[in-house]
Amino acid sequence: MREDVILKSLLNELMLSIPGGTVSMRDDRRNEQWTTVVDSFLLSKFQVTQQLYNKVVNKTPSAFRGAALPVETVSWKETVLFCNKLSEIFDLQVCYTLGEDQDSITFNTEANGYRLPTEAEWQFACQAGTTQIRYGELNEIAWYKENAEGKTHEVGKKKPNAFGLYDMLGNVWEWCSDIYDEEVYGAYRVFRGGGWCDVERSVMATTRRRSHPRSFKIDDLGFRIARNK
């Protein structure tokens, strides 16, 4: 069987339909709150695994090795290049365009290819239509400092949320498409969800972090993929 056929079958099983709705966002630094409308979209039920990442870009960057472990130690730029490559394999329109300097990147929100979720999409999907900071008891839904034993774990081993999404909290943080605060932090991008080395108070649907899109990569930060419907 052709490799792209196998990959397409894998992705068809991986992507879940997330309904539209509204989500309440907040920024503690600026003491601001706002509501965002989220259209229905597709989101992967698991964090991108090392197996999938390697199939698409033929790289194994992770500090913890295992086919079913989430890929980590990837920069934001590397994740969007992965999304573009995956889109190209299936003749979809890429969502990210690199500038001539190969550093500036623009995001086409209307493209039909694979992409990172927006921050609002991520939080809405994590909360699964509720306003709760967690979708269950933490030990049952997430790998974090108290139970992870200092490492990542295979995706999908904890309880999913009401949308059928696994590891939305814990295991590895997840890059989102959005710029965090351009006025203060420039091109820094958002990541959400908490990781295997975070304490309980950090592993919440509302926790926001940010870092440099090209240079920052660490062993508790990965991603999951989304698509427009």
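The values are calculated or read from the model by the stated rules, or taken from the named source; none is laboratory data. All values reported here derive from a predicted model rather than from experimental measurement. Virtual Cβ from ideal backbone geometry, glycine too; neighbours counted across all protein chains shown. Surface accessibility is based on the protein's heavy atoms, side chains included, excluding ligands, DNA and RNA. Shrake-Rupley method; radii C 1.70, N 1.55, O 1.52, S 1.80 Å.
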task: Please build a GNM for the chain, connecting alpha carbons under 10 Å apart, and tell me which residue among R30, R208, R189 fluctuates the most.
output: R30
statement: Expected unfolding gain across K157-N112 under the 0.36 nm per residue rule, minus the alpha-carbon gap, is 13.2 nm
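With every protein chain kept in place and ligands, DNA and RNA left out, what is the accessible area per residue of region 40-197? Probe 1.4 Å, answer in Å².
For region 40-197, the per-residue accessible area is 41 Å².
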- request: Enumerate lysine pairs in region 91-229 that are 8 or more residues apart or on different chains, then count those whose Cα atoms are under 27 Å apart.
  value: 9
query: Which value in deg cm²/dmol, rounded to the nearest 500, describes the helix-derived mean residue ellipticity at 222 nm for the chain, given -39,500 (n - 2.57) per DSSP H run of n ≥ 4 and division by the residue count?
result: -6000 deg cm²/dmol
- prompt: Among E88, E78, E13, which one shows the biggest mean-square fluctuation in a GNM of the chain, springs joining Cα atoms closer than 10 Å?
  reply: E13
task: With unit charges on the beta carbon (Lys/Arg positive, Asp/Glu negative), name the residue among P117, V74, M15 whose Cα is farthest towards the positive pole of the charge dipole of the chain.
output: M15
query: Round to a whole number: what % of the accessible area of the chain belongs to carbon and sulfur, probe 1.4 Å?
result: 45 percent
- prompt: Rule-of-thumb check for the chain: C-alpha Rg over 2.2 N^0.38 Å?
  reply: 0.94
